[in-house]
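The values are calculated or read from the model by the stated rules, or taken from the named source; none is laboratory data. Remember, it's a predicted structure, so these values are computed and weren't measured experimentally. Here the Cβ positions follow ideal geometry from the backbone for every residue, glycine too, while neighbour counts run over all protein chains shown. In case anyone asks, the SASA skips ligands and DNA or RNA and just uses the protein heavy atoms, side chains included. Shrake-Rupley method; radii C 1.70, N 1.55, O 1.52, S 1.80 Å.
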Amino acid sequence: MGKKIIVIGSGFAGLAAATCLADRGYEVTILEKNDMPGGRARQFKTQGFTFDMGPSWYWMPEVFEEYFGLFGKQTSDYYDLKRLDPSYSIYFGKDDIMKVPAKVEDLYALFESYEPGSSKHLKKFLAEAKYKYEVGMNEFVFKPGHSIFEFADLRVLRSLFRLQLFQPMSSHVRKLFKNKKLIQLLEFPVLFLGATPQNTPALYSLMNYADLSLGTWYPMGGMFKIIEGMVALAKEKGVKILTNQEVKQIVAPNGHATSVVTIDNEYEADVVVGAADYHHVDQDLIEQPKRNYTEAYWDKRTMAPSSLLFYLGVDKKVAGLKHHNLFFDEDFEQHANEIYENPQWPSKPLFYVCCPSKTDASVAPEGMENLFLLIPLAPDLKDDEATREKYFQLIMERLERLTGQDIASHIIYKKSYAHTDFKNDYHAYKGNAYGLANTLFQTAFLKPKLKNKKIKNLYYTGQLTTPGPGVPPSLISGQVVATEIDKQHHTQIL
Ligand SMILES: Cc1cc2nc3c(=O)[nH]c(=O)nc-3n(C[C@H](O)[C@H](O)[C@H](O)COP(=O)(O)OP(=O)(O)OC[C@H]3O[C@@H](n4cnc5c(N)ncnc54)[C@H](O)[C@@H]3O)c2cc1C
């Protein structure tokens, strides 16, 4: 028996899985359908602008440090990190802007200014969030999620009450805070996890600890610097990365994967790791009787949102914007309802603007600005050029009004991106942007499993399986699957 491992897909999960396995002595090849690695975190350059295509918030810096640390490296070997202060701004209206400070004392003062007496509640809230974060990171996220029994040790059981798994995030926040703006500040991070605060367990206030205590960071040069670092490390460990190699089939006679067929080649494999979207690997690349789940199962999952994105090059400096800007000047609950409860194009969407050129001169020509606009949307909506343009006009009008300046006539580059692109570029189920939502019934061992039940040497990793959506969880998912493979196949293969 050989020791060849094929990894399908080169996002954070695929790169992490491949590198960990190569480090343990396997011969690893990544097959990537696109012309560059990085998946949703790819980058493109045009007219002197450098656009990160997906993630822009660098949270949980220790997850990245620990990843590079596994190989005796540190993030600073690959990129320079800067902590942002303010971490971000929230526009509630014209001249009604909350700047969320990096320093905790300034944060307490901010809370007091919105709701007298609330800083002591914030202390309590963040202490609880810290506890959940630490238990989550130490006891949960590195578990493969094969079964409930992984979580049945006494320490974890004892902590279940304090983890507030069965209490919704919305009531947890509302017990301590009354001010609507503070509530929105504390509830927005769970939207990243793909569900409303009403449907997200209060466990996930751990995201507030990540946000408000651990801080918002930025790798100079852009988020793609993380991918460049991971690719350099993967290659150093001997991983082969082949781009423009879209996988069409996993060949698995007799419950054993033997090769992977791409558009123009066939690659032998002793183990296969599906690091592309789980639904695509499961439903499109293997034959019906060997799939882990049915199409009906997938249809019942709650997907995290999709997004309408605009990448804009602007030929002047845009006053007022910070690096990260959330526009919460319309009704938060109505937009959440139109994403999760009654999926439709939103009537009055909230949106997000990233302006990395405020921190990093390298991402835009001198005197110009690099803007990334994002509207979170329900997955599976019909998406066409006319609808995209309608929403562009709508949010541009608000952006101009709320920041008090003309921006539209200064746009010298514009590209949109939505459901159809997520499907074409990543085979994203229902055009999702962030994978599978972290609802209570899609948490831990209730997520789609890492291992195929009928093909013994086929594994899955990435944002649709454990531990969940987002860059840090995807990075962890790759490490978890590598450990599982090594546990199961080490003696057989090496
Ligand atoms: C717009 C946007 C904004 C986001 N913002 C943030 C943020 O600010 N912070 C954060 O932490 N997270 C953010 N996320 C989420 C984060 O980017 C993802 O959770 C993470 O990148 C997913 O990594 P992955 O490895 O699971 O999947 P992917 O990055 O999708 O990688 C899968 C790879 O598989 C490849 N592939 C698919 N099919 C095949 C095939 N048949 N053959 C070969 N290759 C194939 C794809 O091309 C892709 O490269 C954002 C995501 C999006 C889309």
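Assorted remarks:
- For region 160-313, the fraction of alpha-carbon pairs lying more than 24 Å apart is 60 percent, rounded to a whole number.
- When the C-alpha to C-alpha distance is required to be over 29 Å, the pairs from Lys120/Lys180; Lys82/Lys240; Lys73/Lys130; Lys235/Lys451 that qualify are Lys82/Lys240.
- C-alpha center-to-center spacing [region 325-349, region 80-127] in angstrom: 23 Å
- Debye, to nearest 20: dipole size of region 316-356, +1 on Lys, Arg Cβ, -1 on Asp, Glu Cβ: 500 debye
- Coordinate range along principal axes, alpha carbons of region 293-396, Å, largest first: 52, 31, 24
- Considering only region 1-105, percent of DSSP beta bridges that pair antiparallel, nearest 5: 65 percent
- DSSP-defined antiparallel bridges as percent of all bridges, the chain, nearest 5: 70 percent
- For Ser259, nonlocal amide neighbours, meaning residues 5 or more places apart or on other chains whose placed amide H falls under 5 Å from its own, are Val251, Ala269.
- Taking all pairs of distinct alpha-carbon atoms in region 363-438, Kirkwood radius in angstrom: 14.4 Å
- Structural descriptor for the chain: relative contact order 25 percent, calculated from alpha carbon pairs under 8 angstrom and at least 6 residues apart.
- Electrostatic dipole magnitude of the chain [Cβ: Lys, Arg +1; Asp, Glu -1; Cα centre; debye, to 20]: 1100 debye
- Near Val141, no amide H atom lies under 5 Å from its own; only residues 5 or more places off or on other chains count, and H is placed 1.01 Å from N.
- Calculated [222 nm] ellipticity per residue, helices only, for the chain: -10500 deg cm²/dmol; basis is -39500 (n - 2.57) per DSSP H run with n ≥ 4, divided by all residues, nearest 500.
- Region 353-494, relative contact order in percent, only Cα pairs under 8 angstrom and at least six apart counted: 13 percent
- Estimated translational D of region 394-480 in µm²/s (Stokes, Kirkwood radius over Cα pairs; 10 °C; 1.306 mPa s): 99 µm²/s
- Helix runs (DSSP H) in the chain reaching 27 Å along axis by Cα, Kyte-Doolittle at least -1.0: 471-493
- Rolling a 1.4 angstrom probe over the protein heavy atoms with all chains in place gives the chain an accessible area of 38 Å² per residue.
- Separation of region 19-52 and region 240-306, taken as the distance between their Cα centroids, equals 18 angstrom.
- Expressed as a fraction of 2.2 N^0.38 Å, the C-alpha radius of gyration for the chain is 0.95.
- Relative contact order %, region 10-149, counting alpha carbon pairs below 8 Å whose residues are six or more apart: 9 percent
- Long-range amide H partners of Tyr460 with built H, under 5 Å: Gly274, Lys451, Asn452
- Cα centre as origin, Lys/Arg/Asp/Glu Cβ charges: region 1-160 dipole, Debye: 300 debye
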